[in-house]
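The values are calculated or read from the model by the stated rules, or taken from the named source; none is laboratory data. Because the structure is predicted, anything quoted here is derived from the model rather than measured. Here the Cβ positions follow ideal geometry from the backbone for every residue, glycine too, while neighbour counts run over all protein chains shown.
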Amino acid sequence: MEQAAQLPTTMHGVVLTRFGGPECLQYREDLPVPHPLAGEVLIRVGASAVNNTDINTRVGWYSKTAQGQTQSAAAVFDSQQDQDPSWGGVPMAFPRIQGADCCGKIVAVGAGVDTQRIGQRVLVRPILRAYANYQPYACWYFGSECDGGFAQYTKVPSDAAVVIQSHLSDAQLASFPCAYSTAENLVDRSGVQSGERVLVTGASGGVGSAAVQLAKRRGATVIAVASTDKHAAVLALGADRVLDRQVDLEHAVGRESVDVVIDLVGGAQWPILLQVLKRGGRYATSGAIAGPLVELDLRTLYLKDLHLLGCTFQEDYIFDNLVGYIERGEIEPVVAKSYPLKDIAQAQRDFGEKKFVGKLVFTLP
C-alpha cells in the first residue's frame, strides 16, 4: 500500500448491527481503518448523505417478505427474510458500514494503482462492477454488499473513485452520487428526448428532484407530483407544472398524454400511471416508497404497446455523464440540511418525515 502520510489505525463511523430501527445504528470511534487491496484506493471521506436505500437495507425492506411502504420499518424479521434483504438479494453481513454517497480525497492506493491518484478529489460511483467481474447487470452496491461512506475512511476499486473538479463543497457534492446517478439512469434508459412530456412522481425527494433537473436538461416538459407545501421548491428546480399527490392524475394530466413516466412511488395509485402514458409510452422505476405490490392489467400493457423498465444496474457512462454535468454547472445540488455523522439516527428520522426537498447530508469529523 502506498499512502500520502501516516494514517490512523482507527476511525469514527456508524455501523449497522442488525435489521430494525435507528437504534440498530451505532456511532463508534474505534473502527479499524480499512486497507486497500490490489486495485483499490482508500478515501478520506469528506461527506456522505441519506438515501432511501440506506433505510430500506436497515429495515430489511428488500426482502420479498416485506410488502409495505419503505418507511414502515418492515416489522417482522424472520429467517426467510434474513436470506434476501440486501440490495443485491443476498444475505446481509453484519456489522455493515452503510452510506451510498461519498465525496472525499484519495489518501492511499493498493498494489497496481498509480500513486499519482493520491490527493485526488473524488466521487464514488456507487455501482461497483469490479467486484462482480463486470458481468452484465451484475454489481455490488456501495454501502450494501460492502462498506460505504458512513465513516472517516472507505475503500473502493480504483475505477469507482471518479475524479471531480468542482467549486462545490464536499457536502454539496455528496448529494449527487446515489440520487442523481439513479435519476440519470432512469432518464437515459427511458430515452427522454427534447419536447417530450415527462411525469415524475415523488418529485421532492432526492431521486425525484434530480429527475426533474435531468429531464429538463434534455429539453423535456416536466410534470411533477409532490405534496402541496413543496410545489414552489419543485418549480424552482425546473418543473413546468406540479400536481398534488392526492390529485386525480388521469383527469389532471389527461389520458394518453405523457411520453414517459419516471416513478419512485408505486403503491395503490400505480395503475393510473399507465393510463396517462401514450401508446408506445415508457414507464421507468427504481423505487416504490408507497409500496412494492401493484395491480397490473396486462391488457393495458400489451394493447398500448407500453415499455416497462426496471432501472437499477448502470453502465459506467451514466456516472461519467453526471460528473460532466456537475463540472459544467448544468445541474445544481439540492441540500436541505447538513448533520454531523453522529446524529445519523435523527437524520434518518427527519428523512422519514419527508418535510424537505432534496437531500440530507452528513459531514465527517
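Of the residues making up the stretch 265-287, those that are in contact (Cβ under 8 Å) with a residue 40 or more places away in the chain and out of contact with any strand residue (DSSP E or B) (no Cβ under 7 Å at 6 or more places or on another chain) number 4. The number of residues in the stretch 19-38 being loosely packed, with under 15 Cβ neighbours inside 10 Å, part of a loop (DSSP other than H, G, I, E, B) and in contact (Cβ under 8 Å) with a residue 60 or more places away in the chain comes to 3. Considering (1) crowded, with 24+ Cβ neighbours inside 10 Å; (2) modelled with pLDDT under 95, say which one Val261 fails and leave the rest. (2) is the only condition that Val261 fails.
Within the stretch 296-338, take every residue that is of a type in the set (D, E, K, R) and assigned to a loop (DSSP other than H, G, I, E, B) and give me the one that is farthest from Ala239 (Cα to Cα).
Per the stated criteria, the residue is Asp297.
Among the residues of the stretch 313-345, those identified as surrounded by fewer than 16 Cβ atoms within 10 Å (Cβ to Cβ) and free of Cβ contacts under 8 Å to residues at least 60 places away in the same chain are Glu315, Tyr317, Gly324, Arg328, Gly329, Lys337, Pro340, Asp343.
Going through Gly291, Gly358, Gly266 one at a time, which residue ends up being modelled with pLDDT under 95, in contact with a Ser or Thr (Cβ under 6 Å, 6 or more places away or on another chain) and not aromatic (Phe, Trp, Tyr)? The unique qualifying residue is Gly358. Only residues that are within 14 Å of the chain's Cα centre (by Cα) and under 17 Å from Val192 (Cβ atoms) were counted across the stretch 204-234, and they come to 5. Only one of the listed residues (Asp114, Asp78, Asp147) is in the same structural domain as Leu16 (by TED's automatic domain parsing) and at pLDDT below 95. That residue is Asp78.
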